[in-house]
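Enquirer: Attaching a single structure in structure tokens format; questions to follow.
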Amino acid sequence: MSIVQRSLVGAEVVDLFAGTGALGLEALSRGARVAHMVERHAKTFAILQANSETLGAGSSAVLHRQDVFTFLRGAASFDIAFADPPYDGGDATKLAELWLEKSFAKLLGIEHDSRVALPGEPEVRKYGTCAVSFFRQDKL
């Protein structure tokens, strides 16, 4: 989050594969105007709702119980997109390919297995077995 700190103030953020909402809620705490959080699993979505309420995110947190790829097909563009998809199943690669096809955010950060190279030319930061690949519109 500190890598994109300066870009967060007033930003419209989307947290894809939101899980508990940690990334979206952290973005709000650092000045994002709104954070859309997308999670499809019912039990996890209930935790996301509870966390949003507990932290008093209010209308700044817009929760979507939906598949990420379905959501993105109908979504407008965002300032910043965060994604922490499950490491198995290829969703990180699929998401990177979609961004390269339809740039749905000015900045996209995808957490993934460090042994997986995502398509395109992202800036990659490795942390042991985890990597975060950053895609930026200004590099297109």
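The values are calculated or read from the model by the stated rules, or taken from the named source; none is laboratory data. Keep in mind the model is a prediction, meaning the values are calculated, not measured. As a convention, Cβ positions derive from the backbone with ideal geometry for all residues, glycine included, and neighbour counts pool all protein chains shown.
Enquirer: In this structure, is residue 125 within 21 Å of residue 7 (Cα to Cα), surrounded by fewer than 19 Cβ atoms within 10 Å (Cβ to Cβ) and in contact (Cβ under 8 Å) with a residue 40 or more places away in the chain? Quick ask: steps written out before the conclusion?
Expert: Details: within 21 Å of residue 7 (Cα to Cα): yes; surrounded by fewer than 19 Cβ atoms within 10 Å (Cβ to Cβ): yes; in contact (Cβ under 8 Å) with a residue 40 or more places away in the chain: yes.
Yes; evaluated as a whole, the condition is true for this residue.
Enquirer: Spot the failing condition for residue 76; the list is (1) loosely packed, with under 13 Cβ neighbours inside 10 Å; (2) touching a Ser or Thr at 6+ places or on another chain (Cβ under 9 Å), and only one is missed.
Expert: (2)
Enquirer: Scan the stretch 91-140 for residues that are of a type in the set (S, T, N, Q) and farther than 24 Å from residue 40 by Cα and jot them down. Steps first, please.
Expert: Applying the first criterion (of a type in the set (S, T, N, Q)) to the stretch 91-140 yields 93, 103, 114, 129, 133, 137.
Of everything in the stretch 91-140, those that are of a type in the set (S, T, N, Q) and farther than 24 Å from residue 40 by Cα turn out to be 114, 129, 137.
Enquirer: Further, regarding this structure: Given the conditions (1) within 16 Å of residue 107 (Cα to Cα); (2) without any contact (Cβ under 8 Å) to a residue 24 or more places away in the chain, and given that residue 32 satisfies all but one, which numbered condition is not satisfied?
Expert: Exception for residue 32: condition (2).
Enquirer: Before we move on, is residue 9 closer than 18 Å to residue 105 by Cα, modelled with pLDDT of 95 or more and of a type in the set (Val, Ile, Thr)?
Expert: Here the answer is no, as residue 9 does not meet what is asked.
Enquirer: Being under 25 Å from residue 43 (Cα atoms), more than 12 Å from the chain's Cα centre (by Cα), in a strand (DSSP E or B) and at pLDDT 95 or above, is that true of even one residue in the stretch 63-76?
Expert: Yes, the stretch 63-76 has at least one match.
Enquirer: Could I ask something else about it? Scan (1) of a type in the set (A, V, I, L, M); (2) more than 24 Å from residue 112 (Cβ to Cβ); (3) surrounded by 19 or more Cβ atoms within 10 Å (Cβ to Cβ) for the single condition residue 42 breaks and write down its number.
Expert: (3)
Enquirer: Among the numbered criteria (1) over 26 Å from residue 9 (Cβ atoms); (2) touching a strand residue (DSSP E or B) at 6+ places or on another chain (Cβ under 8 Å); (3) outside any strand (DSSP E or B); (4) modelled with pLDDT of 95 or more, which one does residue 112 miss?
Expert: (3)
Enquirer: Still on this model: If I ask for residues that are free of Cβ contacts under 8 Å to residues at least 40 places away in the same chain and not acidic (Asp, Glu), which ones from the stretch 19-29 would you list? I'd like the intermediate steps shown before the answer.
Expert: Taking the stretch 19-29 and keeping what is free of Cβ contacts under 8 Å to residues at least 40 places away in the same chain, we get 20, 22, 25-26, 28-29.
Scanning the stretch 19-29 gives 20, 22, 25, 28, 29.
Enquirer: Quick one: is residue 95 under 21 Å from residue 134 (Cβ atoms) and modelled with pLDDT of 95 or more?
Expert: Criteria met by residue 95.
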